[in-house]
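Okay, so here's the structure we're looking at.
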Amino acid sequence: MSTCRFSVVLNEYICKSCCVTVVKTRSVQVKIDQMQRRVIITSTTHRTFTRQHWQLLHQNLRRWQQNLNNVQTNLRALEIMQAQQAQPVQQ
């Protein structure tokens, strides 16, 4: 049996958040080595997606994309308003 090691260099906050999220899903079991500041994955669970899961994922990704588009639109509008306010009033 071969052993696979995986290292990723991430911001500490992102790494902790990601680890907590993955462990909460119960799709992995981990051991935490606080002395060496490592998380060791001891086992994983295979996940099978049904058609309903894929549809839900699709809906969530669409909603996320729409929300990002809304944020981008709002930021552009804010940028235009700030540019207009920065221009001197001509009389």
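Bear in mind these aren't lab numbers, they're just calculated from the coordinates by the rules spelled out. Note that the structure is a prediction, hence the values are computed from the model and not measured. Every residue, glycine as well, gets a Cβ built from its backbone with ideal geometry; the counts of neighbours run over all protein chains shown.
Here are some notes:
- Formal net charge of residues neighbouring Ser43 (Cβ-Cβ distance under 14 Å; K, R +1; D, E -1): +3
- Between helix 12-24 and the chain: long-axis angle, C-alpha atoms, 0 to 90°, nearest 10: 60 degrees
- Approximating the spin labels as points 7 Å out from Cα along Cα→Cβ, the Lys31-to-Gln72 distance works out to 4.6 nm.
- Per residue Cα convex hull volume in Å³ - calculated over the stretch 19-67: 90 Å³
- Scattering curve values for the chain, log₁₀ I(q)/I(0), Debye with Cα scatterers, q = 0.16, 0.23, 0.26 Å⁻¹: -0.92, -1.18, -1.27
- Using alpha-carbon coordinates, inclination of helix 51-86 to the longest axis of the chain, degrees: 30 degrees
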